[in-house]
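One structure is given here, and the rest of the page talks about it.
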Amino acid sequence: MTTQFGRENPILVTGAAGAVGSIGRNLTQMLLAKGHKVRALVRREDERAEVLRQLGAEVTHGDLTDLTSMHRAIEGCRRIYFGMSVSADYLAATVNTAAVARHHGVEAFVNMSQMTVTQMSITQSTDSPQHKLHWLAEQALSWSGLPVVTVRPTVFLEGFFLLLAAPRVREADELALPMGGGKTSPISAVDVARAVSVILDDPAPHIGRIYNLTGLESADLDNYAHEFSKALGRTIRYRDVTLSGWSERLLEAGMPPHTVKHLSVMTELNRQGRYDRMTDDLFQLTGQKPIGMYDFVKLHATEFTGDETTV
């Protein structure tokens, strides 16, 4: 049962206004719906911060790598969700946040990691600098003595299939990604947020646990192109593009080299079958199955459609 003390103190949600597949914003809304107070940490005051206020959150702005702003964000909170976009500052942000959280004696620290870390060790890494930072961050948190819960999702539907793939689906009816013939089990950020909301609602049973979250199925891109076709009512084909050309286009679009390298390594791992994995951790936490590709595409049909009418 959730303690009254936990209800009286706000839960800190980092990344509440942005990226990482919008986990933070969805989590904020879900926790508020459960009757919790939420302190939403944002990088800047803008319309997204105002939306969070309208939802009922207490909004504070700050930098995860800044000691003073993290004291301001964490003081008075007993539970923390820590999530951050792909960044070269990821490890510094994790350790800075953890140090302040330990100082204030939090009762739960939910860390958003990545499932690739499951296959890493002191002797095994990947070529992605972000994967290495996630692995190191998990080590630091395990040494910290904090009451940590680790969540490791696989590829996000909102990342590869909405942000990166949608333009070519709209323009050319194709999933143009360098994913080879490997299978992957993408998950929606909304499902991940739902799992985290369950943990933060009553964290005691979950302290020290690691949850590996996958989507509804593990399939190759030809299969997912078929799901796109059914959902949109027009033929969508998968085109396996060259990694070098794809990466170069991301750089030309202004994406940071650190992020491009990370995404490029993820596509290589997919080709190797490293993302072909399934767990029932999400169902065990929430009692609900994750959204599948067909329903995800139907939900976001307008973003995958140009001028034609969506079926």
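The values are calculated or read from the model by the stated rules, or taken from the named source; none is laboratory data. It should be emphasised that the depicted structure is a prediction, and the values quoted were computed from it without experimental measurement. Because the Cβ atoms are built from the backbone with ideal geometry, glycine has one as well, and the counts that use them run over all protein chains shown. Surface accessibility is based on the protein's heavy atoms, side chains included, excluding ligands, DNA and RNA. Shrake-Rupley method; radii C 1.70, N 1.55, O 1.52, S 1.80 Å.
Listed by position, the helices (runs of 4 or more DSSP H) inside segment 112-227 whose residues that are in contact (Cβ under 8 Å) with a residue 24 or more places away in the chain, open to solvent by less than 20 Å² (accessible area, probe 1.4 Å) and of a type outside the set (G, A, S) number at least 3 are 129-144, 189-201. Looking only at residues in segment 85-101 that are among the hydrophobic types (A, V, I, L, M, F, W, C) and touching a Ser or Thr at 6+ places or on another chain (Cβ under 7 Å), which one is surrounded by the fewest Cβ atoms within 10 Å (Cβ to Cβ)? Going through the qualifying residues, I end up with A92. For the structure I just gave you, tell me whether K289 is in contact with a helix residue (DSSP H, G or I) (Cβ under 8 Å, 6 or more places away or on another chain), more than 26 Å from S85 (Cβ to Cβ), of a type outside the set (A, V, I, L, M, F, W, C) and at pLDDT 95 or above. Yes; evaluated as a whole, the condition is true for this residue. E50 meets the stated requirement of being more than 19 Å from the chain's Cα centre (by Cα), of a type in the set (D, E, K, R) and not in a loop (DSSP other than H, G, I, E, B).
Of all residue pairs spaced 6 or more apart or on separate chains, those with beta-carbon atoms under 9 Å, a first member in segment 60-78 that is in contact (Cβ under 8 Å) with a residue 40 or more places away in the chain and surrounded by 14 or more Cβ atoms within 10 Å (Cβ to Cβ) and a second member that is part of a helix (DSSP H, G or I) and among the acidic types (D, E) are R78/E8. The residues of segment 289-302 that are surrounded by 18 or more Cβ atoms within 10 Å (Cβ to Cβ) and aromatic (F, W, Y) amount to a single one, F296. Considering segment 228-267 alone, what residues qualify as being more than 28 Å from T302 (Cβ to Cβ), open to solvent by 70 Å² or more (accessible area, probe 1.4 Å) and touching an Asp or Glu at 6+ places or on another chain (Cβ under 8 Å)? Passing the criteria: only K261. Looking across segment 268-288 at every residue that is outside any helix (DSSP H, G or I) and free of Cβ contacts under 8 Å to residues at least 12 places away in the same chain, the one that is surrounded by the fewest Cβ atoms within 10 Å (Cβ to Cβ) is identified as G287. Answer yes if at least one residue in segment 222-229 is closer than 24 Å to D280 by Cβ and not charged (D, E, K, R), and no otherwise. Scanning segment 222-229 turns up at least one residue that is closer than 24 Å to D280 by Cβ and not charged (D, E, K, R).
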